[in-house]
Amino acid sequence: MSGDDLKSAIESVQEWTGSRRNREDGSATQTALVVSCSMSDCSWKPLWPVDATWNVIGVQTLGNQTWDQYEGQVVLDSDIELLETQHDITAVLIVGHTRCQVLEDAYDRWIAPDSGSPAGIEARLKPLRSLVGDAFEEGLLTDSMPPQTRQNRLVEYNVCRQVVFLKQALPSSVTVAGYVHDQDGAYNSFPDKQYLVALDGETEPTTIRARLPDDSSVQVTNLLT
């Protein structure tokens, strides 16, 4: 992805987010935020715990990030922070996707830093570059992994880290669920399905399933455990 592509994506995020805030209905009883990647073309159906009666507000960020940097500190994304003051949020869904070019770029810039990029792009990618380094330190990524395996694991790791961050940043009553849109058959031989990989900071599939309704059809899995 070129620097111009990233700059264009950054500029379009605020406009897209604002356009999704209008789906409010007086009959809606609960509100959910869905944080997805601004470079994703994935469509999604209501994912647990959200259903068709909820008021759903979309938030798009580069690499479905829920954080930002301010004066050297990692803080809650400003759009999410604003929405939390405007709505009584019941749940937040983080939806990553396996073909995330933003994470590919973050990996490439971690391997070979590009100091020629605009400051705004570097600021938004810096937390993701750090995340790549953390994944290597934890042994979740290795140099010997095939590129696609590395990409799939990095996408899931990012989703899980975003869930942990939000769970600490938002009130404890807010359910935070992390999904991966599998565009490539990374989790199953059939692509274009969504998998629940994290719930309120928990990533162990058995533990997550124990919290789901008995009649739930949610597909729970994890590449990292």
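Return the percentage of antiparallel bridges among DSSP beta bridges fully within segment 65-220, rounded to the nearest 5 %.
Details: 11 of 19 bridges.
Within segment 65-220, antiparallel bridges account for around 60 percent of the total.
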Exercise. Summing +1 for each Lys or Arg and -1 for each Asp or Glu, what net charge is found among the other residues whose Cβ lies under 14 Å from the Cβ of residue 181?
Worked result: -2
Exercise. What figure in square angstrom, to the nearest 10, would you give for the accessible area of residue 224 with a 1.4 Å probe?
Worked result: 40
Exercise. Can you name the helices of the chain, as whole DSSP H runs, whose Cα span along the helix axis is 24 Å or more and whose Kyte-Doolittle mean is not below 0.0?
Worked result: 119-137
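When the accessible area of the chain is split by element with a 1.4 Å probe, what percent falls to carbon and sulfur? Don't skip to the answer; put the middle values down first.
Values: 4940 of 10830 Å².
Accessible surface attributable to carbon and sulfur in the chain totals 46 percent.
How large is the helix-only mean residue ellipticity at 222 nm for the chain, computed as the sum of -39500 (n - 2.57) over DSSP H runs with n ≥ 4, divided by its residue count, in deg cm²/dmol to the nearest 500?
Values: 6 runs with 85 residues, N = 225.
Counting only the DSSP helices, I get -12000 deg cm²/dmol.
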Seminar exercise, completed: Probe 1.4 Å, all chains present, heavy atoms only: residue 29 accessible area in Å², nearest 10, is 110
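In nm, what is the difference between 0.36 nm times the number of residues separating residue 172 and residue 211 and their Cα-Cα distance?
Details: separation 39, 0.36 × 39 = 14.04 nm, distance 1.58 nm.
Going from the current span to full extension adds 12.5 nm.
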Seminar exercise, completed: Result for the chain: accessible area per residue, probe 1.4 angstrom, in square angstrom, of 48
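With +1 on the Cβ of every Lys and Arg and -1 on the Cβ of every Asp and Glu, and nothing else charged, how large is the dipole of the chain about its Cα centre, in debye rounded to the nearest 20?
240
Scan segment 133-175 for GluC sites (Glu not before Pro) in coil per DSSP, keeping those whose Cβ has at most 13 other Cβ atoms within 10 Å, and list them by number. Don't skip to the end; give the middle numbers.
Details: sites: 137, 138, 156; in loops: 138.
The qualifying sites are 138.
Let me know the shape class of the chain, please: from the alpha-carbon gyration tensor, a ≥ b ≥ c as square roots of the eigenvalues, rounded when a/c is under 1.5, otherwise prolate if a/b is greater than b/c, or oblate.
Oblate, since a/c reaches 1.5 and b/c is not below a/b.
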Exercise. Can you list residues whose amide H is under 5 Å from residue 34's amide H, if they're 5+ apart or on another chain and H is modeled 1.01 Å from N?
Worked result: 57, 58, 59, 93
Problem set entry | Spin-label model distance (nm) - residue 221 vs residue 137, 7 Å beyond Cα toward Cβ | 3.0
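The values are calculated or read from the model by the stated rules, or taken from the named source; none is laboratory data. None of these values were measured; they are calculated from a predicted model. Ideal geometry is used to build each Cβ from the backbone, glycine not excepted, and the neighbour counts take in all protein chains shown. Side chains are part of the model used for accessible areas, which takes the heavy atoms of the whole protein and leaves out ligands, DNA and RNA. Shrake-Rupley method; radii C 1.70, N 1.55, O 1.52, S 1.80 Å.
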